[in-house]
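Student: One structure, as structure tokens, below. Some questions next.
Read-outs throughout are calculated quantities, based only on the coordinates presented, and are distinct from any laboratory measurement. As the structure is a computational prediction, the values presented were derived from the model and not from experiment. Here Cβ is always computed from backbone atoms with ideal geometry, including for glycine, and neighbour counts include all displayed protein chains.
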Amino acid sequence: MKIKFLVSLGIISLSFNAFAHEGMWIPSMIKSMVEGDMKAMGMKISAEDLYAINQSSIKDAVVHFNGGCTSVLVSDEALLLTNHHCGYSLIQSHSTLENNYLEDGFWAMSKADELPNPGISATIIKEIRDVTADMLKDLPADASEAQRADQIKKMTATLVAAAKESTGYDAYIRPFFYGNQFLLFVIEEFEDVRLVGAPPSSIGKFGYDTDNWVWPRHTGDFSVFRIYANKENKPAKYSADNVPYKPVYSVPVNVSGVSENDFTLVYGFPGRTDNYISKENVKQNLEVINPQRLKMRAASLGVIDAAMRQDPLTKIQYAAKQSRISNAYKKWMGQSKGLIRWDAVEQKDSVESLFQSRIANNEALNKNYGSLLPELTKVETEMLSGNVVRNYLIEFYYYGPEVLRFAETFDELVALSNDKSVADSTINKKRDELLGKLGFFKNYDINVDKAIMQAQIAYVAEDLKTFGNPSTPELQQADLKAFVNELYAKSVLVDKAKLEAFLTKYKRSHAKKLEADPAFAFSKNFRSLYNDNVRPTLSVLSAKSDSLMRLWMDAQMTVLPERTYFADANGTLRITFGKVEGYKPFDGAEYAYFTTLSGIMEKEDPTNPEFVVSAKLKELYNEKNYGIYAHNTGEMRVAFIASNHTSGGNSGSPVFDANGALIGLNFDRTWESTMSDIMFNSNICRNITVDIRYVLFIMDKFAGAKHLVDEMKLVQD
């Protein structure tokens, strides 16, 4: 199968179809796979300019920002651009009522003013190696899944250790094509990343939830950071002695702008896509999983949004939480609409039907793959009820009322207290550690949390019953509203003063009080519901599903070699390319490829916090004080769209022109495009980019931070 898979990849590269810009391509494979198609579309640089290991290249300036977003180095002093929403929680963490950086923005006028952010990282890829042969060597053709898993685990440890020793850098290995291929990534990870600048949310989040995932868009979605290193230019934890990192490469910035049909390239770390899942899996997402997610998030957002409108402190406390919850909520709505409108289930069915018809006429293929799709469908059907519980663990436990996951932090204290062999000094040390975690309450409001639980709990209880799953004693109560009222009235975990007093006087015998605490008990019972009753079975089925998906991936490449295959996103470095172009979202509508500052003025609504325009921005607009950042037509452009295949994790990704110069920062997709995580359609799918000239305009003219622009190398066509 290993040889067959590599042969299939060769066939794929020769059969690249008309929709050449679909896909997220591994940079080290660009030259052999799609460089010709990229040049045919207009790219003027080479594959080596994009990715090289023996010389500097653009990949050295593309930075994984804190594991979830992308960023780009734009100066020789490691100035780092990413999205405002990628830096949002960090901006929020520095904000107070007295210094409200979310509301007013923040700009460091000197390096001494730049703000440290303990715990975040910036990671640069040094090299990508295909280690498939090493990972799977000597694995018998008839190896069991357990044998395969053991081999992969063993070889991962061996190859990563060897890479670390030979390079002096860290490394990790990721599977591709559901485990048919493995790549090793050599990385350099920096730990001192400081906030340099951020526009006010009236610019960085202009349009907020109303405009999120939609086009036309007028959001200045950017923030500015800087990477620091020790005096040897190596990664180091924060220290006042650290200095700005000297990057191997920083990108030039094009201030000429873009035109329709221009070549574009997005370089970044897309999070997750599922382009090869089965028809049954798509149906489950549309009919069960997405509706489940949506009703839970609608319930919590209804509470949070109302509370944030009523109180300035609550608005700061819940800003980042609201953003995390609402982002996926609106995405899933658009995804479902797009998949239904563009007949995703039917399209998956046509692929599976073609596959079945081909193997039916080939004895050897039928012998190898005849039972594959029925087995996959059977396993995925059996997984549904378990996936319902797993999603409630995510939506209720991790994204719902915060007291449930806060309660989990006290598990170890209870366990230590109940273990007679543990010394009192160990228990006291743990108690003191928990006293240090009361910072949780800085961004916590008991009334908001209680209202979220009241809004969500009935959905959980109802669906667990509907899908035949076990429940918890709390969820089986006849009066759930009364239970929630009692929980928040009696729990010591929802009140900082009470909890601090409890912990200060804590003794081993007090463990029983914690175990009896209604919030602690509910948290533990809900986790047990999943971990003890659901997870074991679901883990077995998931392993079967993963195995079958690996075979299904290989089978498609063998039986349907004329189709285009690219690895699903998995948080690793990728390149996608397309053109600047508008689109027709639905009958009777057609969208242009760019937006302007005039559109911001048209959307202004002083009564709606989502569409407030600052006096300074209006002044610049009225005076047409755009400097060198205006388009050649005289207008100030804000954003543009292109047909690049992007996903979550591409937030903050640099968008390059044909010459490899920065033209913008990717920050979103159109609502019609959110289906691209499962099915890409080049007619309708568009990524949204904030024009780099608008970024520079805000820095220079709005914020008076031209010293940041002066760090960059500006170029013109």
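Student: Please go through the range 568-607 and write out the chymotrypsin sites (Phe, Trp or Tyr not before Pro) that DSSP classes as loop and that have at most 12 other C-beta atoms within 10 Å.
Tutor: Phe586
Student: If you take every residue apart from Lys618 with its C-beta less than 15 Å away from the C-beta of Lys618, what net charge results, scoring Lys and Arg +1 and Asp and Glu -1?
Tutor: Spelling it out: positives minus negatives among the neighbours equals -1.
Student: With the contact rule set at Cα under 8 Å and sequence spacing of 6 or more, what percent relative contact order holds for the chain?
Tutor: With pairs under 8 Å counted, the relative contact order is 25 percent.
Student: Going by Cα centres, the range 649-686 and the range 121-191 are how many Å apart?
Tutor: What the calculation gives is 29 Å, centre to centre.
Student: Under unit Cβ charges (Lys, Arg +1; Asp, Glu -1), what dipole magnitude, rounded to 20 debye, does the chain have relative to its Cα centre?
Tutor: I would put it at about 1260 debye.
Student: Using a/c under 1.5 as the rounded threshold, could you call the range 504-629 rounded, prolate or oblate? The axes a ≥ b ≥ c are square roots of the C-alpha gyration tensor eigenvalues, and prolate needs a/b larger than b/c, oblate otherwise.
Tutor: Note, shape of the range 504-629 comes out oblate.
Student: Tally Lys and Arg at +1 and Asp and Glu at -1 over the other residues with C-beta under 12 Å from the C-beta of Asn83: what net charge comes out?
Tutor: Computed value for this residue: -1.
Student: Still on this structure: Could you please state, rounded to a whole Å, how far the C-alpha centre of the range 395-456 is from the C-alpha centre of the range 267-284?
Tutor: If you average the Cα positions of each part, the centres end up 35 Å apart.
Student: With a cap of 10 neighbouring Cβ atoms within 10 Å, and only residues DSSP puts in a loop, list the trypsin sites (Lys or Arg not before Pro) found in the range 542-613.
Tutor: Here no loop site has a sparse enough neighbourhood.
Student: When all C-alpha to C-alpha distances in the range 279-547 are sorted into bins of 5 Å, what percent of pairs does each bin hold, rounded to whole numbers?
Tutor: 1, 5, 11, 13, 14, 14, 12, 10, 7, 5, 4, 3, 2, 1, 0, 0
Student: Give me the orientation-averaged projected area of the Cα convex hull of the range 65-133, in nm², one decimal.
Tutor: Quarter of the Cα hull surface area: 6.6 nm².
Student: Moving to a separate point now. What would the Debye formula give as log10 I(q)/I(0) at q = 0.12 Å⁻¹ for the alpha-carbon point model of the range 442-554, no solvent?
Tutor: So the normalised log intensities are -0.60.
Student: Could you work out the relative contact order of the range 279-547, using alpha carbon pairs under 8 angstrom and six or more residues apart, expressed as a whole percent?
Tutor: Relative contact order of the range 279-547: 26 percent.
Student: Determine the dipole magnitude for the range 399-547: charges of +1 sit on the beta-carbon of Lys and Arg, -1 on that of Asp and Glu, nothing else is charged, the reference point is the Cα centre, and the result goes in debye to the nearest 20.
Tutor: It works out to roughly 440 debye.
Student: In addition: Tell me, what HN-Hα J-couplings in whole Hz come from the Karplus equation 6.51 cos²θ - 1.76 cosθ + 1.60 at θ = phi - 60° for each residue of the range 672-685, using x for Gly and Pro?
Tutor: Whole-Hz 3J(HN,Hα) from phi for the range 672-685: 5, 8, 5, 5, 5, 5, 10, 8, 8, 10, 5, 6, 10, 7.
Student: Follow-up question, since we're still on this one. Under 5 Å between amide H atoms, partner at least 5 residues away or on a different chain: which partners does Gly648 have, H built in plane at 1.01 Å?
Tutor: Answer set, sorted by chain and number: Gly271, Arg272.
Student: Oh, and also: Sort by residue number and report every cysteine in the chain with no other cysteine beta carbon within a distance under 4.7 Å.
Tutor: Cys685
Student: Can you put His631, His218 in order, fewest other beta carbons within 10 Å first?
Tutor: His631, His218
Student: Would you calculate a helix-derived [θ] at 222 nm for the chain, using -39,500 (n - 2.57) for each DSSP H run of n ≥ 4 and dividing by the full residue count, to the nearest 500?
Tutor: When only DSSP H runs of four or more count, the value is -13500 deg cm²/dmol.
Student: May I ask you to order 638-651, 143-156 by the average number of other C-beta atoms within 10 Å around their residues, highest value first?
Tutor: Answer by packing, highest mean first, reads 638-651, 143-156.
Student: Kirkwood hydrodynamic radius, the range 215-360, all distinct C-alpha pairs: what's the number in Å?
Tutor: Hydrodynamic radius (Kirkwood, Cα only) of the range 215-360 equals 20.9 Å.
Student: Order of Thr595, Thr472, Thr633 from fewest to most other C-beta atoms within 10 Å?
Tutor: Thr633, Thr472, Thr595
Student: Moving to a separate point now. Evaluate the Debye formula for the range 662-711 with equal point scatterers sitting on the alpha carbons, no solvent, and hand back log10 of I(q)/I(0) at q = 0.12, 0.13, 0.21 Å⁻¹, in q order, two decimals.
Tutor: -0.40, -0.45, -0.72
Student: For the range 279-547, build the charge dipole from Cβ charges (+1 Lys, Arg; -1 Asp, Glu) around the Cα centre, then report which of Ser353, Val282, Pro473 sits farthest towards its positive end.
Tutor: Value computed over the given set: Pro473.
Student: Could you list which residues have their amide H under 5 Å from that of Ala229, counting only those 5 or more apart in sequence or on another chain, with H placed in the peptide plane?
Tutor: Hits under the 5 Å cutoff: Val243, Tyr245.
Student: Can you tell me the Rg and the Dmax, both Å, for the Cα atoms in the range 393-464?
Tutor: Rg and Dmax of the range 393-464, Cα atoms, are 15.7, 45 Å.
Student: Ranking Leu79, Leu73, Leu384 by Cβ neighbours within 10 Å, fewest first, what do you get?
Tutor: Fewest-to-most ranking of Leu79, Leu73, Leu384: Leu384, Leu79, Leu73.
Student: Out of Ala497, Ala415, Tyr392, whose Cα points farthest toward the positive end of the dipole of the range 279-547 (charges: +1 Lys, Arg; -1 Asp, Glu; placed on Cβ)?
Tutor: Checked the options; the winner is Ala497.
Student: What is the sum of charges around Glu22, taking Lys and Arg as +1, Asp and Glu as -1, for the other residues whose C-beta is under 15 Å from the C-beta of Glu22?
Tutor: Once all neighbours under 15 Å are counted, the net charge is -1.
Student: Moving to a separate point now. Taking the Cα centre of the chain as the origin and placing charges on Cβ (Lys, Arg +1; Asp, Glu -1), which of Met155, Ala705, Trp671 is farthest toward the positive end of the dipole?
Tutor: Met155
Student: Please report, largest first and rounded to whole Å, the three semi-axes of the ellipsoid equivalent to the range 327-430, where each semi-axis is the square root of five times an eigenvalue of the C-alpha gyration tensor.
Tutor: Ellipsoid half-lengths, sorted descending, are 49, 23, 9 Å.
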